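These notes are about the structure you will find just below.
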Amino acid sequence: MALRQIRLMGDAILEKVCRPVGEMTPRTKTLIDDMLETMYDANGVGLAAPQVGILKRIVVIDIGEGPVILINPEILETSGEQTGQEGCLSLPGQAGIVTRPNYVKVRALDTDMNEFELEGSELLARAICHECDHLEGHMYVKLVEGDLFEVGGEEGEEDD
Ligand code: ZN
């Protein structure tokens, strides 16, 4: 496992549509392990493959309940609404207010390429929407209500 470099907003790769994963290969398994390690190292709750420069439809999420890996995710259903603060590892130190569905049902493949469905609400729903947007080349900043603002000095966050 290794840390990968997180691409920052402005990098053209973050604006591209990602390709579906056709089969699980050792290389893709390594990518997923590296994405998890990179996300935890950066104290993030989610990371999409294009954020480490790979245009594949893979996202990893951990809202504090253990890792969730979604390959070729497809949002099947959404409902409700939540408005709150959102940030992105590709735009460190900043956040904005974004309205998202409060409930999301997603279908995806696991690392054995078996299909499963996952339901999430609140933060998990927000993370699923945010990460799936990355696979379409969309950054959350387009959805921000008002201006971005600086964040920092959060628990567990260090500037070194
Ligand atoms: Zn993001």
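The gain in end-to-end length when the LYS142 to THR83 segment is fully stretched comes to 19.8 nm, 0.36 nm per residue minus the alpha carbon separation. Of the GluC sites (Glu not before Pro) found in segment 55-103, the ones in coil according to DSSP and having at most 11 other Cβ atoms within 10 Å of their Cβ are GLU65, GLU81. Using alpha-carbon positions, what is the distance between the centroids of segment 115-145 and segment 72-86, in Å? About 6 Å separates the Cα centre of segment 115-145 from the one of segment 72-86.
Treating each Cα of segment 34-99 as one equal point scatterer and applying the Debye formula with no solvent, the log10 of I(q)/I(0) at q = 0.15, 0.19, 0.20, 0.22 Å⁻¹ comes out as -0.55, -0.88, -0.96, -1.11.
Taken one residue at a time, the phi angles of segment 54-70 give Karplus couplings (6.51, -1.76, 1.60, θ = phi - 60°) of 10, 8, 10, 7, 9, 10, 10, 9, 8, 8, x, 10, x, x, 10, 10, 10 Hz. Gly and Pro are set to x.
Evaluated with a Cβ-only charge set (Lys, Arg +1; Asp, Glu -1), segment 12-150 carries a dipole of roughly 440 debye about its Cα centre, given to the nearest 20. Only lysines eight or more places from LYS29 in sequence, or on another chain, were considered; those with a Cα closer than 25 Å are LYS16, LYS56, LYS105.
Couplings 3J(HN,Hα) for segment 15-28, derived from phi with the Karplus relation 6.51 cos²θ - 1.76 cosθ + 1.60 (θ = phi - 60°), are 10, 9, 7, 8, 8, x, 7, x, 8, 7, 10, x, 5, 6 Hz, where x marks Gly and Pro. Taken over the C-alpha atoms, the chain has Rg and Dmax values of 14.8, 43 angstrom. On full extension, the segment bounded by LEU3 and GLU119 gains 38.9 nm, given 0.36 nm per residue less the C-alpha separation. In the chain, helical runs assigned H by DSSP with n ≥ 4 each contribute -39500 (n - 2.57); averaged across all residues and rounded to the nearest 500, the mean residue ellipticity at 222 nm is -6000 deg cm²/dmol. The residues of the chain have, on average, 53 Å² of accessible surface per residue, using a 1.4 Å probe with all protein chains present. Applying a DSSP loop filter and a limit of 14 other Cβ atoms within 10 Å to the GluC sites (Glu not before Pro) in segment 1-41 leaves GLU23. Can you send over the carbon and sulfur percentage of the accessible area for the chain, probe radius 1.4 Å, protein chains only? Carbon and sulfur: 46 percent of the exposed surface of the chain. Counted residue by residue at 0.36 nm each, then reduced by the alpha carbon distance between them, the extension gain from ASP33 to LEU55 reaches 6.3 nm.
The values are calculated or read from the model by the stated rules, or taken from the named source; none is laboratory data. Every value quoted in this text rests on a predicted model; they were computed, and no experiment measured them. Using ideal geometry, Cβ is built from the backbone for each residue, glycine included, and neighbour counts are taken over all protein chains shown. When the accessible area is computed, the model is the full protein with side chains, heavy atoms only, and any ligands, DNA or RNA have been set aside. Shrake-Rupley method; radii C 1.70, N 1.55, O 1.52, S 1.80 Å.
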